[in-house]
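> One structure is given below, represented as structure tokens, and several questions about it will come after.
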Amino acid sequence: MNRDMAVPSMGRETDNSTTTAAPTDVAMAVLTPGEFELFAEIGRPRRVEAGQVLFRRGELGTTMFVIARGAIVLDFGDDLVTKRLGVREFFGELGLLIGDHARSADAIAATDGLLVELRHEEFQRLVDRDPSLVSYFLRRAIMRVVLNEQSLIRRLRRRNQDLEAALDSLYATTHQLNQTEELIRTDDLTGLYNRRGLTLHLQESRTVGMPDTMGLILIDCDRFKQVNDDHGHLVGDRVLQSVANILRSVAGPEDIACRLGGDEFCLLVAASTRQDVMRFADFIVSTVHGLLLIPQSPPTICPVSVGACLVSAKHEWNDWYAHADGALYQAKRLGGNRVHWQDAELTSA
């Protein structure tokens with residue numbers, strides 16, 4: 001045996017110990033003194049320097065290595081365990097036994113050292129020289145592969161469990177954020193959009209592109225203060241909920257019903273003509289009229305005044321509101337309990 005290959009047969013140096021592998025795996029990776037002596041005699045010596053890369057993960061290989069001096073680090077990537085191999089430990093055996101096997105790790109020299117490199121022809125000479133010794137080595141090598149695969153499966157299973165837990169947590173957090181966002185946008189009493197929700201909706205619509213023309217309907221409850229004074233705020237709340245239900249029933253999937261505050265509501269509808277908008281406004285007023293004909297004690301609805309108009313995407317909400325509020329004012333001035341249409345051309349407020 002080459003003098004450079006000589007290594008102590010008793011124990012390994014502390015800095016050459018495997019620090020991250022399981023004990024059984026370590027035992028399987030170490031050659032006996034007799035095995036090492038034969039492998040060193042038949043194999044080719046190869047000096048390495050610290051930091052030198054022997055092969056990369058995914059590269060095809062046909063050689064096996066035994067460490068005579070120094071240490072080698074095997075990096076399996078991702079968050080898998082890194083292994084540090086020392087004297088008389090071997091690696092890359094599947095490349096030798098299978099041929100053109102894709103390496104499962106990066107092999108990097110941790111220190112200056114000396115390796116024994118075995119290719120197919122050297123391994124065949126080992127078989128011819130001592131078949132029983134090689135047979136014992138192969139059984140251990142196969143056991144090592146099985147143990148490594150089982151360990152990998154366990155690690156991957158744990159990673160999948162961790163990933164599932166992370167996804168569950170992310171889903172729960174997203175659901176919670178969606179609920180919070182919905183609460184921010186929604187009026188507690190009626191379930192309609194509140195003013196903030198309407199503002200956010202308009203911002204989002206402008207980002208993706210809104211129709212050039214829409215209909216805006218403002219609704220205000222007539223003599224609502226008297227309902228609160230005569231019957232209390234709980235009855236007043238039920239009246240507001242009844243108005244909200246009417247708006248909800250008439251609103252289509254592209255329409256937005258909103259409680260602006262107090263007893264004032266609005267309905268923003270997809271429409272391009274006066275007739276389109278008035279169909280919504282007339283339905284609201286006629287539905288209220290029908291409910292008022294039903295004897296109520298205490299009341300569940302009250303008369304409403306409605307202002308309706310067309311609005312342009314070229315203008316802002318304040319312009320729209322001023323235009324529709326002018327129509328609502330006229331409906332109130334005429335006694336309420338009616339719709340008033342604003343025909344004037346919209347100009348910036």
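Each value in this text was obtained by applying a stated rule to the coordinates, not by laboratory testing. Since we're looking at a predicted model, the values are computed, not measured. Neighbour counts are summed over all protein chains in view; Cβ atoms, including those assigned to glycine, are modelled from backbone coordinates with ideal geometry.
> Extension gain Arg196-His101, at 0.36 nm per residue separation less the Cα-Cα distance, in nm?
Contour length minus Cα-Cα distance gives 28.0 nm.
> OK, next. Out of the GluC sites (Glu not before Pro) in the range 241-349, which ones are loop residues according to DSSP with at most 15 other C-beta atoms within 10 Å?
Glu254, Glu316, Glu345
> Can you tell me the relative contact order of the range 195-341? Whole percent, Cα pairs under 8 Å, sequence separation 6 or more.
It rounds to 32 percent for the range 195-341.
> Which whole-number percentage describes the relative contact order of the chain, with Cα contacts under 8 Å and a sequence gap of 6 or more?
Over the chain, the number comes to 13 percent.
> Follow-up question, since we're still on this one. Rounded to whole Hz and in sequence order, give me ³J(HN,Hα) for the range 268-285 from the Karplus expression 6.51 cos²θ - 1.76 cosθ + 1.60, θ = phi - 60°, writing x for Gly and Pro.
Working through the residues one at a time gives 9, 10, 6, 7, 10, 10, 4, 4, 4, 5, 5, 4, 5, 5, 5, 4, 4, 5 Hz.
> Tell me the mean residue ellipticity at 222 nm calculated for the chain from its helices only (DSSP H runs of n ≥ 4, each -39500 (n - 2.57), averaged over every residue, nearest 500).
Computed ellipticity for the chain at 222 nm equals -15500 deg cm²/dmol.
> Here is a follow-up. If you take the beta carbon distance between Asn228 and Glu316 as r and set R0 to 25 Å, what does 1/(1 + (r/R0)^6) give as a FRET efficiency, to the nearest 0.05?
For R0 = 25 Å, the calculated efficiency reads 0.15.
> Treating cross-link reach as a plain straight distance, find the lysines whose alpha-carbon is under 30 Å from the alpha-carbon of Lys225, omitting any fewer than eight places away in the same chain.
Lys225 reaches Lys332.
> Which option, [x] 40.8, 115; [y] 19.0, 63; [z] 25.6, 84, is the value of Rg and Dmax of the Cα atoms in Å that was calculated from these coordinates?
It is the value labelled [x].
> Along the charge dipole of the range 194-349, Cβ charges K/R +1 and D/E -1, which of Leu260, Thr273, Ala308 sits furthest on the positive end?
The residue sitting most towards the positive pole is Leu260.
> With Cβ to Cβ distances under 13 Å as the rule, what net charge do the other residues near Gln330 carry (K, R +1; D, E -1)?
That sum, taken over residues with Cβ under 13 Å, equals 0.
> What list of ³J(HN,Hα) couplings, whole Hz, do you get for the range 231-240 from phi and the Karplus terms 6.51, -1.76, 1.60, once you set θ to phi - 60° and write x for glycine and proline?
Result, rounded to whole Hz: 10, x, 6, 5, 5, x, 4, 5, 5, 4.
> Oh, and also: Fewest first, what order do Lys83, Lys314 take by the number of other Cβ atoms within 10 Å?
In increasing order of surrounding Cβ atoms, one gets Lys314, Lys83.
> For a quick protection proxy, order the peptides 320-328, 157-165, 137-145, 87-95 by their average other-Cβ count within 10 Å, most packed first.
Put in order of decreasing packing, that is 87-95, 320-328, 137-145, 157-165.
> Oh, and also: At a Cα cut-off below 14 Å, give the aspartates and glutamates reachable from Lys314, other chains included and same-chain residues fewer than 8 away excluded.
Hits, sequence-local ones excluded: Asp212, Glu345.
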